[in-house]
Amino acid sequence: MLAFILHLLGAFMAIMNPIGNIPIFVSLVEEFNEKVRIKVAQKATLWAFILGSLFIWAGNFIFHFFGITLPAFRIAGGILVFLIAYNLLRGKTSRQHHPGEEEHEEADPDSIAITPLATPILTGPGTIATAMSFAAQRSSIYELIIIEAVFGFVCLLTYFCFVYGEAISARLGKTKIGVITRLMGLILAVIAVQMGIEGIKEAFYLASEITSK
């Protein structure tokens, strides 16, 4: 169970990248006062938690409703997560993870909190794919609660990183933040490859079962 929790923590930390997203948050809210910045951080992380929780608990229903198999989702999710990881390793952002300036309204705290901060920066396609992949392979409510708790912890950590973003950014500097981002990218790449391998293995297993029948 400890290994599972650590695996969850590493995956969500890598895909959400709280420290790496500090410069983005600071640049988006630099024209607001401290009170508004805290409000934006609160709303962004709260909505990220709500969206992530929706896919954690409704993942199996979504799979059955659309007729999606877990192997197919793991392979597709692995590819998507790997693309994000690849950009992080290069010190760049991906279009799946970070939208362009034209995709959000400027000088609107509420709008910025929802998009691009809550989604797709925090709870984007990669986070959703990771959450659903973990949830789909767990059957007990106890395990789903653990996934929810770990995801909530990362959202809370992200909130504090945003609130104290300027101080953290000034202390670490761009170089160290870049190193942390690349490290998160490496961890995320390994997780993505593992997702793909498990998906391919399960796909072959399902294919062999169908052939034998």
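The values are calculated or read from the model by the stated rules, or taken from the named source; none is laboratory data. Everything numeric in this text was worked out from a predicted model, so none of it was measured. Cβ coordinates were reconstructed from backbone atoms using ideal geometry, including for glycine residues, and neighbour counts include every protein chain displayed. Ligands, DNA and RNA are excluded from the accessible area calculation, which covers all protein heavy atoms including side chains. Shrake-Rupley method; radii C 1.70, N 1.55, O 1.52, S 1.80 Å.
Ordering Ala48, Leu122, Leu186 by the projection of their Cα atoms onto the charge dipole of the chain, which places +1 on the Cβ of Lys and Arg and -1 on the Cβ of Asp and Glu, puts Leu186 at the extreme positive end.
Would you work out the charge dipole size for the chain about its Cα centre, treating the Cβ of every Lys and Arg as +1 and the Cβ of every Asp and Glu as -1, and quote it to the nearest 20 debye?
Numbers: 15 positive and 16 negative charges, 141 e Å.
Approximately 680 debye in magnitude.
Carbon and sulfur atoms: what percent of the 1.4 Å accessible area of the range 112-205 do they account for?
Roughly 71 percent, rounded to a whole number.
Computed from point charges on the beta carbon alone (+1 for Lys and Arg, -1 for Asp and Glu), the dipole magnitude for the range 165-213 about its Cα centre is near 320 Debye. Given in Å, the Rg to one decimal and the Dmax to the nearest whole number for the Cα atoms of the chain are 17.8, 66.
Rounded to the nearest 500 deg cm²/dmol, what is the calculated helix-only ellipticity per residue at 222 nm for the chain, with -39500 (n - 2.57) per DSSP H run of length n ≥ 4?
That calculation yields -26500 deg cm²/dmol at 222 nm.
Protein heavy-atom accessible surface, 1.4 Å probe, per residue over the chain: 53 Å². The peptide list 119-126, 75-82, 51-58, put in order of mean Cβ contacts within 10 Å with the highest first, becomes 119-126, 75-82, 51-58. Using alpha carbons only, the radius of gyration of the range 1-63 set against its Kirkwood radius gives Rg/Rh = 1.09.
In sequence order, the range 108-124 has phi-based couplings of 10, x, 5, 5, 5, 4, 6, 9, x, 5, 4, 9, x, 5, 8, 10, x Hz under the Karplus curve 6.51 cos²θ - 1.76 cosθ + 1.60, θ = phi - 60°, and Gly or Pro positions carry x.
For the chain, which longest stretch is free of loop sites, where a loop site is one of the GluC sites (Glu not before Pro) that DSSP puts outside H, G, I, E and B and that has at most 15 other Cβ atoms within 10 Å? The longest such stretch corresponds to 107-213.
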